[in-house]
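Trainee: Below are the structure tokens for one structure; questions will follow.
Every number in this text was worked out from the coordinates using simple rules, so none of it is lab data. This is a predicted model, so every value here is computed, not measured. All Cβ positions, even for glycine, are placed from backbone atoms using ideal geometry, and neighbour counts span all protein chains on display.
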Amino acid sequence: MKKFAALAALLTSAVVLAGCSGGQAGPATGSAAPATLSLATMTLPMSLDSKDANGSALPFFQAVYDTLVKREPDGAFSPMLATEWAYDEARTTLTLTLRTGVKFDDGTPFDAKAVKANLERFAKGGGGQAGTLADLESVEVVDDSHVKLKLKQPNPALLYYLSDAAGLMANPAEFAKGEALKTAPSGTGPYDLDQGQTVIGTKWVFKRAPGYWGAKLPYDTITISYFDNETAIVNGIKTGQLNAALIQDADQQIAVEAHPKVKTVKQEFDVQGLLLFDRAGLVTPELKDPRVRQALNHAIDRQTMLSKIRQGRGTVTSQLFGPSAKAYQPELDNAYPFDQAKARALLKEAGLEGGFTLKLPRIPAIVSEALAASLQTDFGAVGVKLVWEDLDQGSAVQRIFRDRAYSGMVMNNGQSPIDWVVVKEMVLPGLFNMFGYTDDTVKSLAPRIQKSDDPADLKKLNAHLVEQAWFVPFYRMTYLHVSDGSVAITPQDGMAVPAIYNYAPAK
């Protein structure tokens, strides 16, 4: 059941939108900073327990919990609760040196025992990101300020995970109190949840934590308000009732950009496309032939889709790896030009001149009517009958992940700057390779990448995935960070939403 809880959390995230030393985390405060930062979100966290942290809800958790490692806006790692880190030669033991003198909200010291308790609880807690610590074999307390993380096998993404949900440190004194942390988080973070002003499910208010160990962030209070539509968010930004938000819908982006006081910052993060699970042809036998998968790629008019559906806001692509990844190759963005004659020829070579039927799930929050119609038209033009089955979010988990009823699904996927995150989640057997498909090239390259993270091997792997048409990506989507003019926003590499540390008063 824990596995499917994780799947549900990942699907929820997709619908909405996952060593050095010294120094303190966070930017310094400006002398004339406004007292309050008001943020809007369409992500509704079901819990503020650190073990449940996931995806675009991370800012809620960053307010009250520090991570072991801090991820800077450009993706670089810097000290936070861990001041230094080092691997052994085999890269299966990571030693962390911990910051001393840090205490949780109730005065409990932060130390190696707290790290061990948090990591073990997170790995076994069943949250949406619990699987990121699947390679963690044990946590050894060396002394109060040193801990060793022993892995079953090398994991090139471990530091990334320790700067993300897995690295959030909660007060172990609260662990025995049932579900207390869900609504009363206790950490070492820069803010405390103001329960008197917070309305769970609507508005969360965070007040500056007295005696915070690190440099103060610019705002005394941060308020995060939940909205179920972007129109209301845009109106709030225009009127100054909200200070900052992320806008995904292209029409709403255009609407907010027209306002004279609104400031905007663009960011490409999610790639939208068709994830093919069934490359062995277990549900749809025709997909076993790579020529068929290549035909699907050539059949779609990515540029027209981008222009019509997203007002041109994005970049067409045929690869899952994003520009920040080592595996990324610009030329692969155009590996499958729109060529329906070639698509028909490939299908004919595969013995499918008469076409075939492809059944896919449609979750309306991800696949709009316009996108559904566009894919049906393009695939139909080459003889592939696309049949959509409408699902709500609850039934989607059952039908897609438990029943394995479909050969793929259209999803939005965040393009991680850490290559191994993409390899682990999208290529190796697991959540999005549920049938466990692989081939000789992947079997050869993946273990080498796991041990060395070599860019040459990563590029070979990416080129192979594209050539064999493991996926049918459409485009990277441009998102818009917007403010009422009072806030400077720095996008966060590896996240659709900025980290809580990435806001400052506009100059």
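Trainee: For Thr315 and Asp144, calculate 0.36 nm times their separation in residues minus their Cα-Cα distance, and state this gained length in nm to one decimal. Please report the intermediate quantities before stating the final value.
Mentor: Values: separation 171, 0.36 × 171 = 61.56 nm, distance 4.89 nm.
Gain on extension, Thr315 to Asp144, equals 56.7 nm.
Trainee: Name the shape class, rounded, prolate or oblate, that the alpha-carbon gyration tensor gives for segment 282-390, where a ≥ b ≥ c are the square roots of its eigenvalues, rounded holds for a/c under 1.5, and otherwise prolate holds if a/b is larger than b/c and oblate otherwise.
Mentor: Numbers: a/c = 1.65, a/b = 1.22, b/c = 1.36.
Judged from the Cα gyration tensor, segment 282-390 comes out oblate (a/c at least 1.5, b/c at or above a/b).
Trainee: Counting only helical runs of four or more DSSP H residues, what would the 222 nm mean residue ellipticity of the chain come to if each run contributes -39,500 (n - 2.57) and the total is spread over all its residues?
Mentor: On the way: 14 runs with 132 residues, N = 507.
Calculated at 222 nm, the ellipticity per residue is -7500 deg cm²/dmol.
Trainee: Can you check what the net charge comes to around Asp484, using other residues whose Cβ is under 9 Å from the Cβ of Asp484 (Lys, Arg +1; Asp, Glu -1)? Could the numbers behind the result be given before it?
Mentor: Working: positive: Lys238, Lys261, Lys263; negative: none.
Around Asp484, the charge tally is +3.
Trainee: Right, here's the next one. So if each residue of separation counts as 0.36 nm, and I subtract the Cα-Cα distance between Glu120 and Lys207, what length gain in nm does that give? Walk me through the numbers on the way to the answer.
Mentor: Working: separation 87, 0.36 × 87 = 31.32 nm, distance 2.93 nm.
Full-extension gain reported as 28.4 nm.
Trainee: Amide H to amide H under 5 Å from Ala209: which residues, 5+ apart in sequence or cross-chain, H placed 1.01 Å off N in plane?
Mentor: When sequence neighbours closer than 5 places are left aside, the close amide H contacts are Tyr191, Asp192.
Trainee: Right, next: Could you name the lysines whose alpha carbon sits less than 23 Å from that of Lys348, not counting residues in the same chain fewer than 8 places away?
Mentor: Answer for Lys348, where 23 Å is the Cα cut-off: Lys288, Lys359, Lys385, listed by chain and number.
Trainee: What ranking do Trp204, Trp388, Trp85 get, fewest neighbouring Cβ atoms within 10 angstrom at the top?
Mentor: Ordered by Cβ neighbours within 10 Å, fewest first: Trp388, Trp85, Trp204.
Trainee: Exposure proxy check: Val423, Val410, Val271 ranked by fewest other beta carbons within 10 Å?
Mentor: Lowest to highest Cβ neighbour count: Val410, Val271, Val423.
Trainee: Summing Lys, Arg as +1 and Asp, Glu as -1, what charge do residues with Cβ under 15 Å from the Cβ of Tyr87 carry, Tyr87 excluded?
Mentor: Result for the neighbourhood of Tyr87: -2.
Trainee: Can you list the HN-Hα couplings for segment 209-223, worked out from phi with the Karplus curve (6.51, -1.76, 1.60; θ = phi - 60°), rounded to whole Hz and with x for Gly and Pro?
Mentor: 7, x, x, 4, 5, x, 5, 5, 6, x, 10, 6, 9, 10, 10
Trainee: Got a sec? Charge dipole of the chain, +1 on Cβ for Lys and Arg, -1 for Asp and Glu; which of Leu358, Leu181, Leu151 is way out at the positive end?
Mentor: Of the options given, the answer is Leu358.
Trainee: Starting from the Cα gyration tensor of segment 257-336, take the square roots of the eigenvalues, sort them a ≥ b ≥ c, and report rounded, prolate or oblate (rounded when a/c is under 1.5, otherwise prolate if a/b is larger than b/c, else oblate).
Mentor: Values: a/c = 2.67, a/b = 2.08, b/c = 1.29.
Since a/c reaches 1.5 and a/b is larger than b/c, the shape of segment 257-336 is classed as prolate.
Trainee: Next up: If you take the square roots of the eigenvalues of the alpha-carbon gyration tensor of segment 268-478 and sort them as a ≥ b ≥ c, do you get rounded (a/c under 1.5), prolate (a/b over b/c) or oblate? Working shown, then result.
Mentor: Numbers: a/c = 1.31, a/b = 1.27, b/c = 1.03.
Rounded shape, in that the Cα axes give a/c under 1.5.
Trainee: Arrange Thr438, Thr132 by Cβ neighbour counts within 10 Å, fewest through most, would you?
Mentor: Details: Thr438 15, Thr132 26.
Going from least to most buried by this count: Thr438, Thr132.
Trainee: Write down the Kirkwood hydrodynamic radius of the chain, to one decimal in angstroms, obtained as one divided by the mean of 1/r over all alpha carbon pairs.
Mentor: Details: mean 1/r = 0.0421 Å⁻¹.
With all distinct Cα pairs of the chain included, I get 23.8 Å.
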